[in-house]
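**Student:** Before I ask anything, here is the structure I am working with.
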Amino acid sequence: MEPRAGTALLTDREHVAERLLEASAKHSYDPDTELDWDAPLEPGLWFLPERMVSLYGTPIWNRMSEERRIELSRHESASLASAGVWFEIILIQLLARHIYDLDPRSSHVAYALTEMADECRHSRMFARMVTKLETPYYRPGGTTRFLGRVLKTTATTPGAFTATLLVEEILDRIQRQTFPDGTVQPLIRGITRIHVVEEARHVRYAREELRRQMASCPAWERQLTRTVSGEASVVVARALVNPAVYAAVGLDVNEALLQARRSEHRRETMRWSAERLTSFLEEIGVIRSRLDRAAWRRSGLLL
Ligand SMILES: [Fe+2]
Ligand SMILES: [Fe+2]
């Protein structure tokens with residue numbers, strides 16, 4: 001949808017898109033040829049930085065052997081990648097809906113199409129990663145998938161870009177800790193490096209568009225965006241670690257969920273993963289009232 005406040009916003013939108021198209025031309029990657037998929041996984045290396053594993057520092061964790069902790073990191077990393085594919089497919093549809101009525105000759109649309117191509121490669125990369133890790137495909141549960149289906153079909157433009165940022169900024173923060181970490185498998189480091197480089201552009205595009213949309217959309221749409229994004233934060237935060245990962249390494253699922261929920265380190269990690277996003281959403285008025293904050297608190301992403 002076009003921002004409603006006239007040509008200044010449209011000019012700004014084109015300038016942002018032109019810069020992003022230039023950056024895409026310089027730094028885009030084909031994961032199939034860029035990464036060594038045939039190299040064997042290295043024994044003793046993690047699949048996520050240790051402190052990012054959901055049970056890190058809990059009583060269960062303290063009883064687990066190093067080998068079992070690494071095994072849990074393998075399943076949690078696969079769970080993140082599985083949720084990643086689900087998110088990517090939603091984002092592709094949201095972008096397709098966003099440009100449906102716009103002029104395809106504009107740089108804004110050209111960039112959206114470029115981003116969709118990035119997300120197609122990322123979806124294949126994450127799916128291939130789950131195959132390589134030889135874990136189950138941890139797709140989100142039925143209720144979560146249903147809510148995703150409603151969101152991707154009905155979201156208005158500012159709602160769509162808030163959902164986009166919600167996913168992209170949280171994954172980005174985790175991945176920025178992962179790719180430089182020498183204790184992590186080289187393949188995972190390579191995957192997260194590619195994703196971080198390409199997502200930086202996506203975050204910029206979504207932030208700039210959301211800022212414009214929130215400044216120009218009608219009041220009812222701003223309010224709807226606040227309500228929907230609070231609920232979406234709860235769904236996304238829950239989708240990151242599929243509870244089946246605990247069963248896969250022989251843990252009691254309910255006990256593991258309880259300990260992860262009670263873990264101060266875990267709560268801190270979740271809040272840290274979203275702090276850049278939540279402060280931006282506060283700045284542009286997506287998180288404003290006590291009611292908005294209550295939903296974000298339920299998600300564990302806001303203090
Ligand atoms: Fe992506
Ligand atoms: Fe993205």
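The values are calculated or read from the model by the stated rules, or taken from the named source; none is laboratory data. Since this is a predicted model, take the numbers as computed values, not measurements. Note: ideal-geometry Cβ built from the backbone for every residue, glycine included; neighbour counts use all protein chains shown. Ligands, DNA and RNA are stripped out before the accessible areas are found, and what is left, the full protein with its side chains, is counted by its heavy atoms. Shrake-Rupley method; radii C 1.70, N 1.55, O 1.52, S 1.80 Å.
**Student:** Can you tell which of 104, 83, 24 lies farthest toward the positive end of the dipole of segment 9-134, using +1 and -1 charges on the Cβ of basic and acidic side chains (Lys, Arg; Asp, Glu)?
**Tutor:** Farthest towards the positive pole: 83.
**Student:** Which of rounded, prolate, oblate describes segment 184-303, given a ≥ b ≥ c as roots of the alpha-carbon gyration tensor eigenvalues and a/c under 1.5 marking rounded, otherwise prolate only if a/b is larger than b/c?
**Tutor:** Numbers: a/c = 2.60, a/b = 1.42, b/c = 1.84.
It is oblate, given that a/c is not under 1.5 and a/b is not larger than b/c.
**Student:** Ok, one more. So for the pair residue 257, residue 131, with labels modelled 7 Å out along Cα→Cβ, what separation do we get in nm?
**Tutor:** 3.2
**Student:** Using only alpha carbon pairs under 8 Å that are at least six residues apart, calculate the relative contact order of the chain and give it in whole percent.
**Tutor:** Values: 356 pairs, mean separation 81.1, N = 303.
Dividing the mean separation by the residue count of the chain yields 27 percent.
**Student:** Quote the charge dipole size of the chain about the Cα centre in Debye, to the nearest 20; the model charges only the Cβ of Lys and Arg (+1) and of Asp and Glu (-1). Intermediate values should be presented prior to the final figure.
**Tutor:** Details: 42 positive and 41 negative charges, 227 e Å.
Magnitude of the dipole: close to 1100 debye.
**Student:** Given H placed 1.01 Å from N in the peptide plane, which residues other than close sequence neighbours of residue 46 have an amide H under 5 Å from its amide H?
**Tutor:** Result for residue 46 returns 184, 185.
**Student:** Could you check the spin-label model distance between residue 32 and residue 303? Points 7 Å from the Cα along Cα→Cβ, value in nm.
**Tutor:** Distance between the two pseudo-spin positions: 4.7 nm.
**Student:** OK, next. Given H placed 1.01 Å from N in the peptide plane, which residues other than close sequence neighbours of residue 181 have an amide H under 5 Å from its amide H?
**Tutor:** none
**Student:** Calculated from DSSP H runs of 4 or more alone, at -39500 (n - 2.57) each and per residue, what is the 222 nm mean residue ellipticity of the chain, nearest 500?
**Tutor:** Numbers: 13 runs with 222 residues, N = 303.
Value at 222 nm, helices only, nearest 500: -24500 deg cm²/dmol.
**Student:** Could you work out which residue, out of 206, 247, 215, moves most in a Gaussian network model of the chain, that is, has the largest mean-square fluctuation with Cα springs under 10 Å?
**Tutor:** Maximum among the listed residues: 247.
**Student:** Then there is this: ³J(HN,Hα) across segment 24-34 via Karplus (A = 6.51, B = -1.76, C = 1.60, θ = phi - 60°), whole Hz, x for Gly/Pro?
**Tutor:** Per residue, the Karplus-derived 3J(HN,Hα) values read 5, 5, 7, 10, 10, 10, 9, x, 5, 9, 6 Hz.
**Student:** With label points built 7 Å along Cα→Cβ from the Cα atoms of residue 294 and residue 265, find their separation and express it in nm.
**Tutor:** About 3.3 nm separates the two model spin labels.
**Student:** Which residues does the label zone of residue 124 cover in segment 158-179, counting backbone N under 14 Å from a point 7 Å along Cα→Cβ?
**Tutor:** Once the point is set 7 Å along Cα→Cβ of residue 124, nothing inside segment 158-179 turns out to lie under 14 Å by backbone N.
**Student:** Output ³J(HN,Hα) for segment 258-270: one whole-Hz value per residue in order, computed from phi by the Karplus curve 6.51 cos²θ - 1.76 cosθ + 1.60 with θ = phi - 60°, and x for Gly and Pro.
**Tutor:** Ordered by residue, 3J(HN,Hα) equals 4, 5, 5, 5, 7, 6, 5, 4, 5, 4, 4, 4, 4 Hz.
**Student:** What fraction, in whole percent, of alpha-carbon pairs in the chain exceed 23 Å separation?
**Tutor:** Values: 25445 of 45753 pairs.
It works out to 56 percent of all Cα pairs.
**Student:** What angle, in degrees between 0 and 90 and rounded to the nearest 10, separates the Cα long axis of helix 66-99 from the longest principal axis of the Cα atoms of the chain?
**Tutor:** With rounding to tens, the tilt is 20 degrees.
**Student:** If we count every other residue with Cβ under 15 angstrom of residue 58's Cβ, Lys/Arg +1 and Asp/Glu -1, where does the sum land?
**Tutor:** Details: positive: 51, 63, 68, 69, 261, 262, 266, 267; negative: 50, 76, 252, 255, 264, 268.
Spelling it out: positives minus negatives among the neighbours equals +2.
**Student:** Taking the chain as a Gaussian network, where each spring joins two C-alpha atoms under 10 Å apart, which residue of 72, 133, 240 fluctuates the most?
**Tutor:** So, out of 72, 133, 240, the one fluctuating most is 133.
**Student:** From the phi of every residue in segment 202-210, what ³J(HN,Hα) in whole Hz does the Karplus formula 6.51 cos²θ - 1.76 cosθ + 1.60 yield, where θ is phi - 60° and glycine or proline is x?
**Tutor:** 3J(HN,Hα) across segment 202-210, in whole Hz: 4, 5, 4, 4, 5, 4, 5, 5, 5.
**Student:** What angle do you read, to the nearest 10 degrees and between 0 and 90, between the alpha-carbon axis of helix 157-178 and the longest principal axis of the chain?
**Tutor:** 40
**Student:** Which listed residue (150, 7, 195) has the Cα farthest towards the positive end of the charge dipole for the chain, taking +1 on Lys and Arg C-beta and -1 on Asp and Glu C-beta about the Cα centre?
**Tutor:** Positive-end residue among those listed: 150.
**Student:** Considering the chain as a Gaussian network with a 10 Å cut-off on Cα pairs, which listed residue, 37, 220, 61, attains the greatest mean-square fluctuation?
**Tutor:** Taking springs between Cα atoms under 10 Å, the residue moving most is 220.
**Student:** Quick one: check the C-alpha center-to-center distance for segment 1-69 versus segment 259-273, whole angstrom.
**Tutor:** Result: 20 Å between the Cα centres.
**Student:** Largest first, what is the accessible-area ranking of 217, 120 with a 1.4 Å probe? Walk me through the numbers on the way to the answer.
**Tutor:** Values: 217 5, 120 70 Å².
So the residues, ranked largest to smallest area, are 120, 217.
**Student:** Just check segment 26-104 against the gyration tensor rule for me: Cα atoms, a ≥ b ≥ c as the square roots of the eigenvalues, rounded for a/c under 1.5, and otherwise prolate or oblate depending on whether a/b exceeds b/c.
**Tutor:** On the way: a/c = 3.99, a/b = 1.89, b/c = 2.11.
Because a/c hits 1.5 or more and a/b fails to exceed b/c, segment 26-104 counts as oblate.
**Student:** Roughly how many debye, to the nearest 20, is the charge dipole of segment 2-78 about its Cα centre, given +1 on each Lys and Arg Cβ, -1 on each Asp and Glu Cβ, and no other charges? Before the final figure, lay out the partial values.
**Tutor:** Details: 9 positive and 16 negative charges, 113 e Å.
That gives segment 2-78 a dipole magnitude of about 540 debye.
**Student:** Moving on. Using a 1.4 angstrom probe on the protein heavy atoms only, line up 205, 100 by accessible area, largest first. Please list the in-between numbers first.
**Tutor:** Values: 205 5, 100 180 Å².
If we order 205, 100 from most to least accessible, we get 100, 205.
**Student:** Compute the helix-to-body angle for 107-133: its Cα long axis versus the longest principal axis of the chain, expressed 0 to 90° and rounded to tens.
**Tutor:** 10
**Student:** Turning to a different aspect of this structure: For an R0 of 35 angstrom, estimate the FRET efficiency from the Cβ-Cβ distance between residue 69 and residue 275 and round to the nearest 0.05.
**Tutor:** After rounding to 0.05, the efficiency reads 0.85.
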